[in-house]
Every structure is written in C-alpha cells, then in structure tokens.
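I have placed the structure first, in the form of structure tokens, so that the comments after it can refer back to it.
The values are calculated or read from the model by the stated rules, or taken from the named source; none is laboratory data. Just so it is clear, the model here is predicted, and its values are computed rather than measured. Cβ placement follows ideal geometry from the backbone for every residue including glycine, while neighbour counts extend to all protein chains displayed. SASA here: full protein model, heavy atoms, side chains in, ligands and nucleic acids out. Shrake-Rupley method; radii C 1.70, N 1.55, O 1.52, S 1.80 Å.
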Amino acid sequence: MKVKSESPEIVKESQRKATYEVSLALSSFLNYLQETDQPDTYLLLLSIAAGAGYEVNKTFQYLLGCDDLKFLLHEMRSAQDQYQRIKNISSYKAQAFMIHSGLTATARVTTISSEKKMQCLTLMKQHMGPSLSKEVAQVLTKLGADHDWENLEIDLRLLIAGDHETTVPSLQMDEMRMQLQSLLDCKKQPHELQGSESNKQEVIENEAFRSLLQRLGLEHYYPKRMGRANFNLINKTSVYNTHPSSEQELPFYFLEKLLMLDYGLRYLVFQDNGNTEHQVYSTASNQEKEIMNWLLIKRKHDVFFHRHCIGSSKDYLLMGGVIEICWFCPGGEEEDRFNNCVTFANLHGDAKEHRRQLTFLQEVSSLIVVLMSASDENKENRKICHDLFQSPRPLICLLDDREKTMTSNSGQRVKIGIRNRNEAELTQELTTTIRRLLELSDTALSLEDCALIAHKHGFLIDENQNDCKETKEKAQTIMVLLKEIELSQVKENLLPLQGQLWHLWCKKDKELYHLREIGNRSIEQHKSEIETAKQIIHHKQLTKAFPPNDLMRSVLQILLLYSETNTKLYFIQWLSMFMDNLTAEHLEKLREKQRHVWSLIQTKKKKVSKGNSLQSWQNEMEVISTEISKCPLGIDQLLREVGQIYEALEEASSINDSLFLSLPQIAADLMISGAPIELMDGDVSYVPLKWVAAVFDKVSEKLGDKRLFVLSIVGLQSSGKSTLLNALFGLQFTFSAGRYTHGAYMQLLKVEKTFTEELGFDFVLVVNTEGLQSPELTNKSQNRDHELVTFVIGLGNLTLINIFGENLSEIQDILQIAVQAFVRMKQVKIFPSCFFVHQNVGEVIDKDRAMERLRCLELRLDEMAAIAAEQEQCSDVTRFSDVIKFDVSTHVYYFAHLWDGNPPMAPPNPRYSHNVQELKDSILMTAKQDPRGSLMKISNVKFRVQDLWRALVNENFIFSFRNIQEVMAMSKLETKYNEWTWELRSHVLNLYMKISNQIQNGQIVALERSTLEAPVTEKYESIMQELEMYFNEDPYNEILIQCKADFENKLRNLEGLISDSRRKANELISLKNSQKRLDKKKADYKKYILERSRKLALTVKDKEMSEEELHEIFNAFWMKWVSEVSSSLSPVEEPNIDMDSENILLEYFQQEKNLVDILHRNYGQKFEIDYIRHVRIIRKFLIIERQLEARDRESIDRTTECIITRVNETINNIQRQQRDYSPSDFHEILRIVDEEMKYASTEERYTLTRQYKIDLSLYLFKKAAEKFKEMHRAFKRANDPVHYLERKKDDFFMRFKISCQGATSI
C-alpha cells in the first residue's frame, strides 16, 4: 500500500481487502477470547481497535491504511504487555490502565470526542460490572456532569502509578478555597497610629524640637517617623559624592553615610555663603565622654562625641537629658579590659536637671560613675551625691578637682581624683576598679527589663504603639507553637511541603529535562511517567497543606489579616528576632556538643589501636551535623512554605483561581516594601518558577510594569557579600545567628522620582547569593556553585564578583564554567557585565604589581573564553568580554579591611566606607550608561528567570566539571570510549552472526556458555588494558583519574552484550525446534481439514456456500491452531527499534542539551545542509574572518553524500545477511558518520559542527529504523513458527475450499 506508482484504484482495492481480512481475523479472535473466558484481554483489545475505527457491528468505519495497521499491531502488543505487567502488581491499577487506554487510544485524530469517550466508558463499565474495583469506581464518580475528561485521565494515571490517595483527597478544591477564604475574611482595615495624644502634644509644643525639624526639612515625617522606604532609596546623593548644600540635605547625607558604616557622618557639615558651618550632631564638652572613650576603645575611634572631636561646639540642641548607650564586647583575648559584655550609658547635661533620667539609670545600672567636684557647694548636687552614696548600687566618684585616688576605696564606694592624671594610668585604675565592683554587683537587666522600667518613669517606648505591641504578641503566639516541638523537627512536622516531597519534585523535574535513565520506555512514556509522578507529589503536598497546621494557619492569618504593609513588617521583624534567638540558643548547644564529641574522637585516636573503630563516634558527629543543618529557621522558611502551598494549588486547579493569588500577594507586598524574598531555594538549589512568576506578576500589578536594573553578587562563603550589599544600599541581608545566606534572595530598591529619568530605570533589583565552596555542602557544592553563578550572572545586568583578598584562583574555575555555560545556552539572549571586587586588601596597593596581576587576569579570562568557544564551536567568541562585558582597567576594585583593628570593638574602617561609595557611584554610572534597550521591565525579569532557569536545568553536562581543562579532557576521553565500545560491539556482533549461521545450518543445537564468553572476555580484557594505558599516558591523567572507575564500570556494563547475544541465539534455537515440530504436524492439519469439510458438506447438503461463509468457518479452527502453536513457543522479547534508536542517540550525544526536544522536532526530517548552523568558519590567525566559498560548499555536499551513501550500503549489506536486527547496527551508523567527518577534506578552512552531526544522524537513524523493522519482520517471517504457519494459510484454505466443494458434489 505504500507503493506510489500503483494507481489509486489498485491501492483502494488493496485497502479494502486488508480491511476485510483484518475485520474477519479480529472478529474471530475476539470471539475466541470470549469463548475461552478472557474478558480483560477482550475488552482491552476491543478498546484499542475502537481507536482505529472498529465498531460493535464487527466492521471498521473506514478503510484501513498502513498507519492504521501499524497502530493496531503496535498498540495491541504494547497495551497487552503493559496490562499483564501491571496486573501482576495490582488488579485495580490494571483496570485503571484498561480504561485509560480506551479513553486515549486513537489512530487518526489527536483528540477523541466527549461523546465517543462516554460510549467507550459506558461499554467498559457494562463489561466490568461487579468486578469494577472500588478504587476505580471512586475515580469514575468524579467525572461529574461537566465531563471533565482531562482530570479523569490524570486521576487514572495517578491510580496506575499507584497513588490512590491523591485521586480521592480528603479535602476537595472547593473546601481548600473555603479555608483560604475564611483566612481572608478576617482582613483588618488600616487605621491611624494610636498613642498618647498628650505626650505627642507635649513633644510638639517643644519649640526647639519643632524648629529643628523645620530647619532639617523633616517636619512631615513626624509623628509617623521614617520607614524602610525612606532610606531604601536610590537618589542623587547615592551617586554624586558631594557635600550637603543646605540644612535640608544634611539628614539624607547623614543617613547615606550611616548606611555605609561611615562614622565620619558625625563630622558632616555644610557651609553657607557666609562660611558658617552647620552640622547635625553637637554636644557639650563634658569630660566624662573622653574618659569612657579611653575605656571603650584604644584611641582608634571616639565612640562618644566630645569636645575634642572634629566639629565639636559649645552649643547644642536637644541633647540635654539624652542617654547614649554603647556596648563593650570582649574578644576572648588577654588584653580585653573586661571579660564580659558591659553596657556603657552616658547621660548628657547636668544630672540635677534630668531627675527622671537619673532615677532610671539608678534602677537599671549595675554600677554608677559620677563626674563631680569635691568642692561643689551646690545643695542639689550634694543631695544627689548623698542619695547615690546611700543607694545599694556600687558607686565611683570621679573628682575633677583632685589629683589622686582617695583612701578607703576597697568597698563599694570609690573616689578617684582625675585632675592632671596620666591617661594610661587613670584608664588602668578605672578598669581595675570597674571589674572589681561589677563582680560585687548582682544587677543585670535585659533591654526588655529596662524598657519596662523606662515606661514606669513616663518615657515613651516605641514598642508600646498599638501595631507594634499587637504584632509582638502575635509573634510570641507563633513562638509558643514552635517551642512545642524539637527545633530540628520543625521543618519536617510543621513545614512539610518544603521537605522530602519538594526535594523529590525538584529531582523529578530535572529528570524531565534530561531523560537519561529511560530503560525500555519511549521518551513520551518516560515524560508521561515523570509528569504523573510530579502531579502525585503536588497532590501529596496538598493533603499535608490542608487543613493547615496550627503554625501555618496562624502565620497565614496574620499575614493576610493586616492590609497595611508597615504592620506586616512589624510582625516580620518581631518574629525574625524571636526565631533568630531560638535558633542561636539551640545552635550554640549543638556546637558545644559537637566540640565535645570532636574532642573525644581526637583523644580516642591517640589511645586506641589502628584495628579499633571510631565509627560510632563519627556517626554521632554526622547526626549532630545533620541536626545543625536543619537548625536554621526564619521567615524565609515560612514564606517558602507559603510558596509551596501556592505551587501545589496552582498545579491541582484547572482554572486560574484569583483566591490562590492572595498567597503571592503576601510576598509581593513585602518585596515592594523592601524586604528580601527568596528567589532560589537554598535547600534544594531550585527556583520554584510558578511561585516566583506569580510574585513578579503581583509586583507588576501593584507598581506597573516598571523598568529594573538587576544587580547580583557572587563570591566565596564569608567573603563579605551580604555586608557589602548592606553597606551599598542599606539592605538587611542576614549574616548572623549562625545563618548564612542560603540560595538566592532578591530585594527591590526604589529610585527617587526626580532621578528616574536621568538613570533610565525605576527600580534596582538586588540579588544576593549563598557563598560558594561551602564546607557544609562539600559533596554537591561543585554543580551547585556552577549553576548558581551562571544563574545570577545571567540574570543580572551587572554582577559583582566578590573576592576575599587578591587571589583569584578560587573563583577562576567557577567563572570558566559560567563562560562555557553561556556559550552553550545560545537560546537565552543575554550579555551580562561584571565587576571584580577584592575585599580585605591592605591600605597601600603596589600599582605596578596590581597592573601585572590585572594583565594576567585578562589573559587568563580571554584564554578560557577562547577554549570554551572552541569546545562549543562558537566562532563569534574570541575573548572573555565577548561573553561577559568586562573592562580590566575600570571594572576591578580593591577594598580596604572592613574593620579598623580587631573585632569586636574595632570600628568600621573609614577607607572601606569610601570604597563602598566609589563602587556605588560606578554601579549607578554603569547602569546609567547602559543602552535603554538592555534594561528589563518587571515582566521581562520574570521571563528571564524562567528562560534562564530552564536553560540551566537542561544543561546536565558542563556543570559537573571543575574547569575547562576537565571539559576538554573528558570530551577526548568520551571519543576514545566510543571507539572502544564500537570495537567490543562489533566483535560481539560478528561472533553472534557466526553462531547464528551455525544454528541455521543445524551445526549448533544447544549453546555452550564458553562459545560466547571466552572470545568476548579475551577482547574485553584487551580493551581494559588499553583503558589503563590511556589513563597512565594521557597528559591530563591527574584530572581524569577521578572518573576512571566510572568508565571502567561503563565498559563492564557492556558485558550485557554477551547475555543479549546468548538470549537471541537460544531464541533462534527454540524457533528452529518449533519449526521442526510444526513440519511434523502438517499431515495432521491436512487430515483435519478433510474431515471438517466432509462434516460441513453433510450439514449444508445441496446449499452452495459463499467464500465469506467458508472463510468464517475456516478462521475459527485456524485461530485455534495458531493459538496452539504460539502457546507452545517460549516467550520471545520483541525489540523496540524506535526506542533503541532514541536511547542510543541520547547516550551518544549526552553532552548536548535540549536533545529530547531536538529528537522530537527533527527526527526523520529530510536532511538539508544549513551552512550557518552546520559549518563553522576557521578564522585566519584568530582575527581575519573568512567567508564560505563555492568550493567549500561543494566539499561539504560531497562529504554529506558520501556519508549517506556509505550508510545505505552498510544497511543493504546487513539486510543481505538475512539476520535479525541488533542495536549495534545503529552504533555502526554513528561510527561511519564520525569517521567520515573526521577525515573530511576541509583544508583547515572550516569544520562541520556537532549540530551537523546530530541532524544528519537523526535523519539516518529514522531511515535505518524503517529498514531494521522490515529486516526484523523478514527474519521473523523466516524463523517464527506462527509466521511460518500464517504463510501456509492460503494453501490450507484452498484445500478446505476444494474439499468442501468435492464433498458437497458427492
């Protein structure tokens, strides 16, 4: 029917005859199945046949074509095999498979009408009757009046996969909606801040305060105060490193410097036209500040502002009665002045004028220090001193009119003269005295205790505002729930969606892109199974998410309760603080336990002999390490759980439910307010795309589709990335409480309206990342690091590559892989930029040496980019800046040490702050100079994240290597491995052909193991010796040695070729034996036909029977004979040639990404040379670009024609051998393509690309697959007894017909 030269009439007649014969045979076989009581097989095959148009009246509704016949043959065999396999496991799964097959099997149309599906389902339910399992029955009841076939088919797939629970969830979607709605219904409306009106009025009536606010331009920030939005702002002050030109500008310059850790902010002044200096921060000239500065810090930096500071003035505003506070924190060194943390509080002004403050300090202090004159006759002052002496608190009196220490200073009352004293001597005496008195004191209060005391004395406490107080109480309620369970068990029990289920979902999602472990399934089958598995996981997540546990119910209620973002931020801040404290306490206990066990291990190592094991102790260390890894808990994990709930709901719902979007709205509101939101889940290194996309959509919906400049940062762990970003923009990325940045976070910064036009964008999106080469993730950090770096560099308009010190070696390897990944990901059109930031570099930099290092850096980056381009056959990349925009002369920055001395009491280094300002200027100037077209809108960033992440998970090859040298070495080894495998496959195939001929000729009737194993083992050992020699002699053997075992195992797995060949040889022997038995039965069949025809003649007497009637009678006993012959045969494994073809291509081109898509898109298409994709021009001297000439095109065409001709000849030669198909035949095609491409005459002017090889191989494989199928059918016809019997069918029928005619004529 495929012959094109035949006339339409002949083709139609052939179709009519084939349709009639298939209808007759199918009808007889279905009758046979009913008679022999095989209802399951009957129903399954009937439903498959219905997909090709077979109807209840036992005819096809249209003439069958070649594709229809193929469909019937393949689907019936495949469905029956699968059904039997599933039935052996579970009867209800088998029933689900049968119904699913009936609803989805179709030969000619892509979709089956709802009416047809209903007819099919009704028929199946009738036939199954009471045998229908309760599991399947429950699923079928969910079809409903709206006939939701899509969800029914999904549920049936879930049943087949073995997850009955997810198909019948205890809580339906409408119940989930109701629960979410109930949380939304209690939404709280915004209200005005409440507080003490009388206190507000009292403050506002302070004329000095009102005047100062007006002078500084801050009056409209009172009484609401500044929020995060007021300082997370990009304005001109951020870019132009100038000085304030008015009093109104002073606060914002002050704030800018404060965020950059620049303590020079206190010396910030501006000069008006009259050269009068104005400043923000002035105090009185009291000597006590100088003394406390001596105690706190060794002259590096004045903590308290005093008369000798720059800009100090005798006049001050609003400082009288202010209490300043500072903490001394010991560093664990011998020179520490105090062994414990000590809080220093300083009261400005005269104590007698600020009685409330004095009383407060008396109550909260462990020790009081008073600066006074012994000769002071003021009665009020003397009364204050008397009261202090009578107080139970230890007291030190510093007498400014005495020159030496008074007597009787051994008790709790000490007098010290300070007039004309040596600073060092006085400091030492004060330190000794304070340490002694602190040991005697029993007063130690927390800040919370102090706040209660301050409130008692009438001070306004910010935390007593209604919103702040209310959200604190709610955060404490959450903490009660958290403390009910062990911290290490919180995630597993209270945040279950982000645990094992989410990890498994990510693994399955990645499998969907790679499809490497296909086994005996087609790509479509494998993809369908993975999609089903992902749906099962989401269903399981939903059953855990609803009804919500107490923790998530409370968190969602609170986050949905408040419509005002500021109130949510109060709650977030409180909860973060409480959770950090909880984590820190638990973490410290675990660290202590870890140190103890480690100490025991070290002690045991010295004592025990080598034979004794320390395994139990090491296991204990592992348990502690695991618990530590589970310990970090914060707002991030709570929001991650909200994201997982959304992802599961979005997957389960067939419609876009606006109610579910209330969840991403929570994250969007927080993001707009300046809070960091998780972009990549650090626990699994995966981006939840649906959640992230929904958050961006909500942000865009609220702000409009604004333009963004994306700034990202990468660097090693603890290299100061978060600190740098916090200093640059006043952000709040965490780096304390034992919690490093984990994964990737994004934070939104608004550009001031007056500055947006100049910069060209409305917001800056900052992306912070976890540290690279994390010791906690040693086993999986390489792939993780490479993916992370490539992701954030690709996402950012500009990436800061943060390096601790001047050494580039740690980051260099990672950058190489990122460059090669970008070259490979051609479909993601990105051109990122980067700055190198060297932190912790000394104050003085040798410029000549630095320039030499930069020159070497540029050479190295260019070299690795060129190598990557060569590897990926990318002719338009010759240097690093062709991939990542980088200028070595202007894009490298050196930062001073963060601390000016040794922490914890060292102040921030002013030079570091200046470096931050310089970098910030450069970042924003670079952003300003970027072409407007390169800037993305919010929606563009969403799509960039999706495209980039999908490209990354598609990339399975490059991220597994440390650097480009490893990639090159591995590619070379893969080529050599392909040669070795072909050598072994060819040897086994030739050996099998020899044995097959001997079986056909009757020389072998039983196969000995040694016949195959001995010669193959000899060849295998020879190849293993070659492998050993290769690893010993290759110049990259140090790089390759780590994967030697993998390749040895891969070659060892090829020993399966022996078992395959043995199986096929034994099958051939069995077929030959069956043929012999069949030959002996021929006489019996002829005798039976004669007897049957005589009986028939007696029945019909003189009636003449039509040919159709004779066929129907004949087919009945013919099917019985065929069944007898087939049932006597040993089961023969049918080759799936298309599947072999797919698997061999996937394995051979495993370095290629998107290969599955390429297979589906191009498989079998007519091959046409694309000179852009298939040919790479070789540059002359790496500079001059050549053009493809006519002779080059002719040469390429000749090479292509030569390959196709040689492959065709090889296939024809295989067919002439009259043997069965072998997967090695496909490998022979790949060998021919590889060999011809290798030796093609290109005159070093061009190379044929890997894309050429892939496209040509796909075309050749498709053609070959059809030939191999025909070859297998021919072999089967020649050797299979059933086929052998079928060939005799016409002869036997003619005998039957003649016998009937002869019998009736008698």
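Quick check on the stretch 424-478: of everything there that is among the small types (Gly, Ala, Ser) and within 23 Å of residue 392 (Cβ to Cβ), which residue is most open to solvent (accessible area, probe 1.4 Å)? Among those residues, the one meeting the criterion is 444.
All conditions but one from (1) in contact with a helix residue (DSSP H, G or I) (Cβ under 6 Å, 6 or more places away or on another chain); (2) at pLDDT 65 or above; (3) open to solvent by 50 Å² or more (accessible area, probe 1.4 Å) apply to residue 194; the one that does not is (2).
Evaluated against (1) in contact with a helix residue (DSSP H, G or I) (Cβ under 9 Å, 6 or more places away or on another chain); (2) assigned to a loop (DSSP other than H, G, I, E, B); (3) in contact (Cβ under 8 Å) with a residue 60 or more places away in the chain, residue 444 falls short on exactly one condition, (1).
Considering the stretch 1212-1306, the qualifying helices (runs of 4 or more DSSP H), each wholly inside and each with 3 or more residues that are at pLDDT below 85, run over 1250-1279, 1281-1287, 1289-1305. The one condition from (1) more than 30 Å from residue 954 (Cβ to Cβ); (2) open to solvent by 60 Å² or more (accessible area, probe 1.4 Å); (3) modelled with pLDDT of 85 or more that residue 1094 does not meet is (3).
Can you pull out every residue in the stretch 363-387 that is at pLDDT 90 or above and open to solvent by 50 Å² or more (accessible area, probe 1.4 Å)? 363, 369, listed by residue number.
Checked against the criteria, residue 478 counts as of a type outside the set (Gly, Ala, Ser) and under 19 Å from residue 557 (Cβ atoms). For the structure I just gave you, tell me whether residue 32 is out of contact with any Pro (no Cβ under 7 Å at 6 or more places or on another chain), among the aromatic types (Phe, Trp, Tyr), open to solvent by 70 Å² or more (accessible area, probe 1.4 Å) and under 25 Å from residue 1293 (Cβ atoms). Judged against the criteria, residue 32 is not a match. Selection of the stretch 223-238 for residues being open to solvent by less than 70 Å² (accessible area, probe 1.4 Å) and either touching a Pro at 6+ places or on another chain (Cβ under 6 Å) or of a type outside the set (Gly, Ala, Ser) (or both) yields 223, 228, 230, 231, 232, 233, 234, 235, 237. Name the single residue, out of those in the stretch 788-810 being over 20 Å from residue 766 (Cβ atoms) and in a helix (DSSP H, G or I), that is modelled with the lowest pLDDT. Looking at residues that are over 20 Å from residue 766 (Cβ atoms) and in a helix (DSSP H, G or I), I get 810. Which residues, taken from the stretch 525-544, are of a type in the set (D, E, K, R) and either touching a Cys at 6+ places or on another chain (Cβ under 6 Å) or closer than 21 Å to residue 1142 by Cβ (or both)? Within the stretch 525-544, 527, 529, 531 meet the criteria. Please specify each residue of the stretch 230-263 satisfying the condition of being among the aliphatic types (A, V, I, L, M), at pLDDT 75 or above and either within 26 Å of residue 722 (Cβ to Cβ) or not in a helix (DSSP H, G or I) (or both). 233, 234, 255, 258, 259, 260, 261, listed by residue number.
Every residue, every condition in (1) basic (Lys, Arg); (2) assigned to a helix (DSSP H, G or I), yes or no:
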{"position": "62", "(1), (2)": "no, no"}
{"position": "68", "(1), (2)": "no, yes"}
{"position": "71", "(1), (2)": "no, yes"}
{"position": "79", "(1), (2)": "no, yes"}
{"position": "93", "(1), (2)": "yes, yes"}
{"position": "97", "(1), (2)": "no, yes"}
{"position": "106", "(1), (2)": "no, no"}
{"position": "112", "(1), (2)": "no, no"}
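Here residue 901 clears all of (1) outside any loop (DSSP other than H, G, I, E, B); (2) surrounded by fewer than 18 Cβ atoms within 10 Å (Cβ to Cβ) except the condition numbered (1). Residue 1240 meets each of the listed conditions (1) more than 27 Å from residue 1278 (Cα to Cα); (2) under 37 Å from the mean Cα position of the chain (by Cα); (3) not polar (S, T, N, Q) apart from (2). Residues that are closer than 30 Å to residue 1069 by Cβ and either open to solvent by 60 Å² or more (accessible area, probe 1.4 Å) or not hydrophobic (A, V, I, L, M, F, W, C) (or both) occur at least once in the stretch 1291-1304.
Listed here are the residues, each with its yes/no results for (1) over 30 Å from residue 80 (Cβ atoms); (2) of a type in the set (Lys, Arg); (3) open to solvent by less than 70 Å² (accessible area, probe 1.4 Å); (4) modelled with pLDDT under 85.
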position	(1), (2), (3), (4)
1115	no, no, yes, yes
1124	no, no, no, yes
1129	no, no, yes, yes
1134	no, no, yes, yes
1160	no, no, no, yes
1170	yes, no, yes, no
1204	yes, no, yes, no
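Pairing each residue of the stretch 679-704 that is in contact (Cβ under 8 Å) with a residue 40 or more places away in the chain and among the basic types (Lys, Arg) with any residue that is open to solvent by less than 10 Å² (accessible area, probe 1.4 Å) and not in a loop (DSSP other than H, G, I, E, B), provided the two are 6+ apart or on different chains, yields C-beta distances under 9 Å for 690/643; 690/647. Check every one of the strands (runs of 3 or more DSSP E) wholly within the stretch 315-398 and list those with 2 or more residues that are touching a residue at least 40 places away in the same chain (Cβ under 8 Å) and of a type in the set (A, V, I, L, M, F, W, C). Because the criterion is at least 2 residues that are touching a residue at least 40 places away in the same chain (Cβ under 8 Å) and of a type in the set (A, V, I, L, M, F, W, C), the strands (runs of 3 or more DSSP E) in the stretch 315-398 that meet it are 342-347, 368-372. Exactly one condition in (1) closer than 16 Å to residue 533 by Cα; (2) touching a Phe, Trp or Tyr at 6+ places or on another chain (Cβ under 6 Å) is not met by residue 479; state its number. Here residue 479 meets the rest and fails (1). Can you find a residue that is among the acidic types (Asp, Glu) and surrounded by 14 or more Cβ atoms within 10 Å (Cβ to Cβ) anywhere in the stretch 396-403? Looking through the stretch 396-403, at least one residue is among the acidic types (Asp, Glu) and surrounded by 14 or more Cβ atoms within 10 Å (Cβ to Cβ).
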